[in-house]
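J.: Would you mind keeping the following structure in view while I ask a few things?
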Amino acid sequence: MICSGCAPIQPVEDQGRVRFRPRHHLIYAVFHEKQLATETEADDIVVSYHTKDELLSLMHSLYILPAEIVETTTISITGHGRDKSIGQWISLSQMKARMEHVNVVDIIQKGQFSSHMQPIVDSSEEIVGFEFLLRPAPNGVMFQPYQLFEIARETGMHSFLDRAARISAIETSAEWLPRGVKRFINFLPSSIYNPEYCLSHTFKTIDRLHLDPKDFVFEVVETEKLDSMDHLLQIFKAYRDHGMKVALDDVGSGYSTMEVMSMLKPDYVKIDRSIIDCCDRDAVKKDKILNIIDRAEKFGGQVLAEGIERREEFEFCRSSGIHLAQGYLFGKPAERPPFNVLQVV
């Protein structure tokens, strides 16, 4: 099976062919204006280019076509001498975004990022795990993780980035953490088209590094809209079938509602930091937290309080029955864990 979404991004070569689909008379008009010879193969229009500048000029002429054509026309660029099936299909709008964000595309394509880890503690404040967070590579180009993923979406590279980020987190955990320490790793449901295939790289990496699947918890990221509950349940099943746990992030805010939590029944329930903030002196937030705890207990989910910065917040959460916590009170994301992590386990 081939999944173009998470396949390696092929560089644009100096010479090659561009396939367009579907055929549209306005696209033909651009080719005619530029005096480019065209071929037809099945339902595609095929044009050869001889330099990158020639390709760029052609693309800029196509970007000014009506928006509905730019959005619905897909292209596949194949370098000279490559097999025609290798080219990845992307929309004209995604190609435009790649040209507008060349530096960011370069970061994604070359994997110029690293994984930092933020500690997760139990009720005794002992480190029991870490969440892995994407950060710029040491001495690399600076970026905001949120913006990196936003541009990855615009360019059609979010599946590739999501997979690369997961593998980076797994490899970093292998370098620094002993067995028994939980590793919370984010994933984008929309980047996983076929769970068993799209996650095979993740499972193979864990196996290759001789890690224990039971140490891994994969969590739905905070900004991800849950369009298909059935699809997400299939993803959860794939993780669980391989001995791993799953988590739902930011419960109580945005798309991660308590109704969604009750339907998905994740192994870990992470309460949104906006609810945790000053919860010790806010009656409404206290009620929300207690409600989440009550619902999670019904299906056996472990509750984790995110974003704890004040001891009073931690004390309230702990007294309410929450056994896991994360936040600046216990440590910020860092390249390596505290030295005492090996002694804790």
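J.: Look at region 14-48 and say how many of its residues are closer than 12 Å to Thr73 by Cβ and of a type in the set (A, V, I, L, M, F, W, C).
T.: 6
J.: Being over 21 Å from Ser93 (Cα atoms), surrounded by fewer than 17 Cβ atoms within 10 Å (Cβ to Cβ) and not charged (D, E, K, R) is the filter here; which residues of region 145-175 pass it?
T.: Within region 145-175, Pro145, Ala174 meet the criteria.
J.: Ok, one more. If the requirement is being outside any strand (DSSP E or B) and in contact (Cβ under 8 Å) with a residue 40 or more places away in the chain, which of these qualifies: Phe143, Phe184, Phe149, Phe130?
T.: Result of the check over Phe143, Phe184, Phe149, Phe130: Phe149.
J.: Of these, Ala238, Ala247, which one is more than 27 Å from Tyr328 (Cβ to Cβ) and either outside the structural domain of Ser173 (by TED's automatic domain parsing) or touching a residue at least 40 places away in the same chain (Cβ under 8 Å) (or both)?
T.: Ala238
J.: Does any residue in region 257-284 that is farther than 16 Å from Leu329 by Cβ and of a type in the set (D, E, K, R) come within less than 7 Å, Cβ to Cβ, of a residue that is at pLDDT 95 or above and assigned to a helix (DSSP H, G or I) six or more places away or on a different chain, and which pairs are these?
T.: What qualifies is Lys265/Phe299.
J.: Output the residue which, of all residues in region 190-218 that are surrounded by 21 or more Cβ atoms within 10 Å (Cβ to Cβ) and at pLDDT below 95, is farthest from Leu264 (Cα to Cα).
T.: Cys198
J.: Tell me, please, whether a residue that is among the polar types (S, T, N, Q), over 30 Å from Asn291 (Cα atoms) and modelled with pLDDT under 95 can be found in region 223-242.
T.: no
The values are calculated or read from the model by the stated rules, or taken from the named source; none is laboratory data. Because the structure is a prediction, the values reported are computed rather than measured. Cβ sites come from the backbone with ideal geometry, for glycine too, and all protein chains shown count toward neighbours.
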